[in-house]
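**Q** Sharing a structure with you now.
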Amino acid sequence: MNEYDSSRLAESLAVSHGYRETDAPENADLLLLNTCSVREKAQEKVFSLLGRWRPWKVNNPNLVIGVGGCVASQEGDVILKKAPFVDFVFGPQTYHRVSEMLDDAISARSQSVDITFPEIEKFDCLPPRRVEGPRAFVSIMEGCSKYCSFCVVPYTRGEEYSRPFDSVITEIYELAEQGVREVTLLGQNVNAYRTTDHMNQELDFATLLRYISQIDGIGRIRYTTSHPLEFTDGLARAHRELESLARHVHLPVQSGSNKILTKMKRRYTRESYLEIIANLRNHCPEVSITSDFIVGFPGESEEDFQATMDLIDEVQFDQSFSFLYSKRPGTPAAQLSDDASIEEKKDRLHRLQGKLNAYAANVSNAMVQSDQTVLVEGPSKRSNGQLCGRTENNRVVNFDGSLDWIGKFIDLRITETMTNSLRGVAVATHIKDSQTARIG
Ligand code: SAM
């Protein structure tokens with residue numbers, strides 16, 4: 001989400017002020033820091049990075065510094081007190097106002113803070129997308145109203161709201177015209193997307209996917225992050241019926257213990273989560289399922305942790321994310337008593353990651369000698385002279401090929417697994433130009 005916000009901000013400043021991105025921040029005229037506060041570590045980095053920027057401002061008083069994102073949203077003008085050399089502070093819902101804040105900083109040398117939540121306004125104010133490459137993110141809903149007890153997002157990004165249908169479809173249509181072939185739909189709970197169509201009929205996430213799959217040029221659709229509570233049968237069916245919808249679902253479970261899920265206020269049980277997975281696999285047996293886990297939530301016993309380990313064995317998740325619980329100020333879980341030691345929690349995380357990695361390695365190994373469709377993204381970052389692309393289950397594959405394959409879907413035979421990627425050889429070039437047809 002932050003990557004998407006940053007790229008929209010960069011596009012907007014290119015149009016309003018002609019700014020270009022640089023790889024040499026020490027020589028920049030404008031430095032913007034887009035922050036994350038989901039876990040403490042990310043939050044801590046903010047002031048250490050600002051400390052490194054400070055001498056640059058001393059040497060160049062014309063340098064403008066802005067701080068945005070969720071830490072900005074939480075701390076507001078405290079940032080200006082702690083780091084007085086910062087010129088302006090903006091939140092995740094006000095980055096479309098940065099060009100005005102920038103003008104004030106340049107002309108009046110005045111500091112400003114705008115961390116309000118003007119619903120949806122930003123999408124009406126941002127210029128049309130200008131992207132390079134065949135993949136793009138598209139934010140379709142913002143904020144979160146789930147209020148999980150550990151999570152800071154509802155307080156930093158505001159309540160859940162969905163972008164209008166037309167606005168989403170127009171953005172994707174324009175991206176396809178610029179050569180984008182894969183879109184990743186974004187939202188804190190992306191499958192909570194709900195709006196009305198031209199006839200004032202309710203339109204949900206699964207229906208939105210059906211419309212997007214009709215857009216010429218869009219050969220692959222991904223989405224993240226979905227919430228189990230909103231995972232409808234219609235969405236499970238879409239994975240079977242829409243060829244361009246990647247057969248990959250990232251569905252955070254957080255814990256396999258009902259006691260912990262209740263304390264987390266997740267509003268589903270281990271059993272209802274397993275029912276969703278069973279239904280999804282029933283509709284689409286080859287779907288890859290990945291998840292998020294929080295280890296060491298307050299009150300988690302060894303027995304609760306074992307319930308999570310058993311759930312991993314039961315579902316056999318593919319590549320997943322796992323985190324040590326991080327106490328976030330202002331969240332209900334921050335008040336809960338927590339008696340497990342940090343050593344115990346780290347040991348649990350280590351065991352859990354060992355299990356997750358083993359299942360992910362099984363999936364990679366089973367892919368060897370199979371044929372996989374990848375979207376060719378460009379030259380490989382690691383293997384000199386090779387190209388790279390991603391499989392439906394989100395694995396990077398490096399392979400020999402020609403530069404004019406970039407932006408096309410091709411079939412590869414997987415030949416080898418590496419630590420973080422796969423190797424493959426091209427079998428045939430496919431140009432996917434509709435949801436049902438693949439033309440060789
Ligand atoms: N909205 C999605 C959901 O809750 O299903 C996930 C979005 S959240 C930005 C990404 C992941 O960060 C969560 O799934 C959770 O595993 C992790 N996370 C959020 N708050 C956390 C905290 N306080 N400590 C550790 N991990 C956390």
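The values are calculated or read from the model by the stated rules, or taken from the named source; none is laboratory data. Since this is a predicted model, take the numbers as computed values, not measurements. Note that we place each Cβ from the backbone using ideal geometry, even for glycine, and neighbour counts take in every protein chain shown. Note: areas computed on protein heavy atoms with side chains; ligands, DNA, RNA excluded. Shrake-Rupley method; radii C 1.70, N 1.55, O 1.52, S 1.80 Å.
**Q** Using the Karplus equation 6.51 cos²θ - 1.76 cosθ + 1.60 (θ = phi - 60°), what ³J(HN,Hα) coupling, rounded to whole Hz, does each residue of the stretch 257-272 give in order, writing x for Gly and Pro?
**A** The phi angles translate into 9, 4, 4, 6, 4, 5, 5, 7, 6, 7, 6, 9, 10, 3, 5, 6 Hz.
**Q** Can you compute the charge dipole magnitude of the chain about its Cα centre, using +1 on each Lys and Arg Cβ and -1 on each Asp and Glu Cβ, nothing else charged? Give it in debye, rounded to the nearest 20. Present the calculation step by step, with values, prior to reporting the outcome.
**A** Details: 50 positive and 61 negative charges, 153 e Å.
Computed charge dipole of the chain: roughly 740 debye.
**Q** On a full-extension model of 0.36 nm per residue, what is the gain between N420 and R351, subtracting their alpha-carbon distance, rounded to one decimal in nm?
**A** Values: separation 69, 0.36 × 69 = 24.84 nm, distance 1.97 nm.
Roughly 22.9 nm would be gained on extension.
**Q** If amide H atoms are built 1.01 Å from N in the plane of the peptide, which residues on other chains or at least 5 residues away come under 5 Å of the amide H of L422?
**A** V396, V397, N398
**Q** Under a point-charge model restricted to the Cβ atoms of Lys and Arg (+1) and Asp and Glu (-1), what is the dipole moment magnitude of the stretch 1-59 relative to its Cα centre, in debye to the nearest 20?
**A** Working: 8 positive and 9 negative charges, 50 e Å.
In total the dipole reaches around 240 debye.
**Q** Continuing with the same structure: A 25 angstrom limit on the alpha carbon distance is what I want to check against. Which of K81/K265; K263/K327; K57/K82 exceed it?
**A** Where the Cα-Cα span goes over 25 Å, the pairs concerned are K81/K265.
**Q** HN-Hα J couplings of the stretch 135-140 from phi, Karplus 6.51/-1.76/1.60, θ = phi - 60°, integer Hz, Gly and Pro as x?
**A** Using θ = phi - 60°, the values come out as 10, 8, 8, 9, 7, 10 Hz.
**Q** Sticking with this structure for a sec: Residue farthest toward the positive end of the dipole of the stretch 1-123, with Cβ of Lys/Arg at +1 and Asp/Glu at -1: which of Y95, W56, Y19?
**A** W56
**Q** So which cysteines in the chain don't have a second cysteine's C-beta under 4.7 Å from them?
**A** C36, C70, C125, C144, C284, C388 - these cysteines have no disulfide-compatible partner (Cβ-Cβ under 4.7 Å) in the chain.
**Q** What is the Cα centroid distance between the stretch 361-418 and the stretch 337-353, reported in whole angstrom?
**A** So the two Cα centres are separated by 36 Å.
**Q** I've got another one for you. Which of rounded, prolate or oblate describes the stretch 90-220 when judged by the alpha-carbon gyration tensor and an a/c cut-off of 1.5? Present the calculation step by step, with values, prior to reporting the outcome.
**A** Values: a/c = 2.13, a/b = 1.35, b/c = 1.57.
Cα axes put the stretch 90-220 in the oblate bin.
**Q** Among N398, C151, T262, pick out the residue whose Cα is farthest towards the positive end of the charge dipole of the chain, where Lys and Arg carry +1 and Asp and Glu carry -1 on C-beta, about the Cα centre.
**A** N398
**Q** Okay, moving on. Can you tell me how much longer the chain between A108 and D404 gets when fully stretched, taken as 0.36 nm per residue apart minus their C-alpha distance, in nm with one decimal? Mind dumping the intermediate values first?
**A** On the way: separation 296, 0.36 × 296 = 106.56 nm, distance 4.96 nm.
Difference between extended and current length: 101.6 nm.
**Q** Report in % the part of the accessible area of the stretch 242-316 that belongs to carbon and sulfur, leaving out ligands and nucleic acids; probe 1.4 Å. Could the numbers behind the result be given before it?
**A** On the way: 1350 of 2710 Å².
On the stretch 242-316, the fraction of accessible area on carbon and sulfur atoms equals 50 percent.
**Q** Please give the Cα centre distance for the stretch 133-199 versus the stretch 268-293, rounded to the nearest Å.
**A** Rounded to whole Å, the Cα centres lie 22 Å apart.
**Q** With +1 on each Lys and Arg Cβ and -1 on each Asp and Glu Cβ, and nothing else charged, work out how big the dipole of the stretch 128-172 is about its Cα centre, in Debye to the nearest 20.
**A** Values: 6 positive and 6 negative charges, 29 e Å.
Dipole size: approximately 140 debye.
**Q** For a quick check: with amide H placed at 1.01 Å from N, whose amide H comes under 5 Å from M141's, ignoring anything fewer than 5 positions away on the same chain?
**A** Distant-sequence amide H within range of M141: R163, L186.
**Q** Can you bin the stretch 26-128 into rounded, prolate or oblate? Criterion: square roots of the alpha carbon gyration tensor eigenvalues sorted a ≥ b ≥ c, rounded for a/c under 1.5, prolate for a/b above b/c, oblate for the rest. Intermediate values should be presented prior to the final figure.
**A** Working: a/c = 1.82, a/b = 1.16, b/c = 1.57.
Oblate, because a/c is 1.5 or more while a/b does not exceed b/c.
**Q** Quick one: Karplus J couplings for the stretch 202-215, per residue in order, coefficients 6.51, -1.76, 1.60, θ = phi - 60°, nearest Hz, x for Gly and Pro?
**A** Couplings: 4, 10, 9, 5, 4, 5, 4, 4, 5, 5, 5, 5, 8, 6 Hz.
**Q** Do you know the relative contact order of the chain, to the nearest whole percent, from alpha carbon pairs under 8 angstrom that are 6+ apart? Write out the running numbers ahead of the final one.
**A** On the way: 850 pairs, mean separation 46.9, N = 440.
For the chain, the relative contact order is 11 percent.
**Q** Counting only residues 5 or more places away or on other chains, whose amide H sits under 5 Å from the amide H of V427 once H atoms are built in the peptide plane?
**A** When sequence neighbours closer than 5 places are left aside, the close amide H contacts are D411, L412, R413.
**Q** Tell me which of V253, T232, S213 sits at the most positive position along the dipole axis of the stretch 179-261, charges placed on C-beta atoms (Lys, Arg +1; Asp, Glu -1).
**A** V253
**Q** Another question about this same structure. Roughly speaking, what is the stretch gain from E174 to R54, that is 0.36 nm per residue apart minus the C-alpha to C-alpha distance, in nm to one decimal?
**A** Numbers: separation 120, 0.36 × 120 = 43.20 nm, distance 3.96 nm.
That works out to 39.2 nm of additional length.
**Q** In deg cm²/dmol, rounded to 500, what helix-only [θ] at 222 nm does the chain give when every DSSP H run of at least 4 residues adds -39500 (n - 2.57) and the total is split over its residues?
**A** Details: 14 runs with 158 residues, N = 440.
Computed mean residue ellipticity for the chain: -11000 deg cm²/dmol.
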